[in-house]
Amino acid sequence: MSFILAFESSCDDTSVAILDTDYQILVNLISSQPEHLEFGGVLPELASRLHMKNIMQLSQLALAKSHLELQDISAIAVSINPGLIGSLLVGLSFAKALAWSLQKPLITVNHLLSHIFANYIDHPELNPPFLALVVSGGHTELVHFETDTVFEIVGRTLDDAAGETFDKAAKLLGLGFPGGPIIDNLAQGGDTSFVNLPNPMADKDNYDFSYSGLKTAIRNYIQQQSPAFLQTHQKDIAASIQAAIVGPLIRKSIRKAQKLKLDKILIAGGVAANSALREGLTQKAKAHHIRVFYPSLQLCMDNAAMVAAAAIPKYKAGLFAPLSVNATSQKGTRLL
Ligand code: KG4
Ligand code: ZN
């Protein structure tokens, strides 16, 4: 049996995981950084320093919990883009040092690709072709997979991302960061038609997204209401905002899957945790005989198990990285 030791440090979560090459998780440890909370967002320099502080201890704990020795590891995997460059460099430098000292192959992965491959951990029966909807804090993309290594971005946001819109709305409502899970919780049972919000780029043959107009409409609406009104109608306002963000994601993924004659849609990235997106897409896609897959809640968040999952096809194909490889903040889903 081969084992992959993987690192994820692209933003504010340090994570170390060990998976076997059948996508079974032996251990998946995540150390988040509550230190950023008081700033209402992630401070890049602080994130890098905290990764430095956490990564060694987390690695030792991962090995202890999996009852493996470093010599049992077959390959080292690490995400190298996109993300905060300082944070990525901490994970990459640590992974390179281990790969060099153990004389084991280094496998580099794209963070968004790893969000997509997180689905393989929960659904080992899954295989391409499929359409992946990637929705994170910084990305909103539709990616058509013909095989694990042949894919094409077939839709994308022209401006802001879906996750960013959740975060901005929560900030304007004074609800904290990150906004997605807070709005998701508040919206349960709320009236989705309470606030009339725009539905940009709605025309039939369009598979791109735009969230900047919606962000402005949300800001204008919130600024026009009294604090007492916002407080009383919090639930309905959250439900309306959530519906406006996930509506285009649901409609366009189904339309694109139909156009490409695909019968599987995967959801990936932090926003894949959203209950309205998971339930709405599953229900609406079913009517078109399209099956929807998404990772368990813990695997939607940034974690190293998904990095290992994305590294497994590369391990099997012998696609290893040289030790001279560098991290980049280049956006988008890519093979590297
Ligand atoms: O993938 P991720 O953990 O980090 C990036 O790679 O960007 O995604 C973080 C994003 C944040 O914008 C957060 O608000 C959003 O995922 N998010 C959610 C939910 N949980 C996390 N958005 C909507 N509903 C959720 N339940
Ligand atoms: Zn992510």
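Rundown of residues vs (1) in contact (Cβ under 8 Å) with a residue 60 or more places away in the chain; (2) within 23 Å of the chain's Cα centre (by Cα); (3) not in a loop (DSSP other than H, G, I, E, B), yes/no style:
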| site | (1), (2), (3) |
| --- | --- |
| GLY189 | no, no, no |
| SER193 | no, no, no |
| LEU197 | no, no, no |
| LEU214 | no, yes, yes |
| ALA217 | no, no, yes |
| TYR221 | no, no, yes |
| LEU230 | no, no, yes |
| ALA239 | no, yes, yes |
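When each of SER10, SER15 is tested for being crowded, with 20+ Cβ neighbours inside 10 Å, outside any strand (DSSP E or B) and within 16 Å of ligand 2 (Cβ to nearest atom), the lone residue that passes is SER10.
Scanning segment 131-149 for residues that are away from ligand 1 (no atom under 16 Å from the Cβ) and surrounded by fewer than 24 Cβ atoms within 10 Å (Cβ to Cβ) yields a total of 6. State all residues of segment 270-294 that are more than 21 Å from ALA238 (Cα to Cα) and either assigned to a loop (DSSP other than H, G, I, E, B) or not assigned by TED's automatic domain parsing to the domain that holds ASP184 (or both); if no residue qualifies, say none. Result: ALA287, HIS288, HIS289, ILE290, TYR294. You will find that of GLY91, GLY41, the residue that is assigned to a helix (DSSP H, G or I) and in contact (Cβ under 8 Å) with a residue 60 or more places away in the chain is GLY91 and no other. Please tell me if GLY91 is surrounded by 16 or more Cβ atoms within 10 Å (Cβ to Cβ) and away from ligand 2 (no atom under 16 Å from the Cβ). No.
All conditions in (1) more than 30 Å from GLU125 (Cβ to Cβ); (2) of a type in the set (Gly, Ala, Ser); (3) away from ligand 2 (no atom under 16 Å from the Cβ) hold for SER32, with the sole exception of (3).
SER87 meets the stated requirement of being within 16 Å of ligand 1 (Cβ to nearest atom) and farther than 29 Å from ARG255 by Cβ.
The values are calculated or read from the model by the stated rules, or taken from the named source; none is laboratory data. If you're wondering where the values come from, they're calculated on a predicted model, not measured in any experiment. We place every Cβ from the backbone using ideal geometry, glycine too, and count neighbours over all the protein chains shown.
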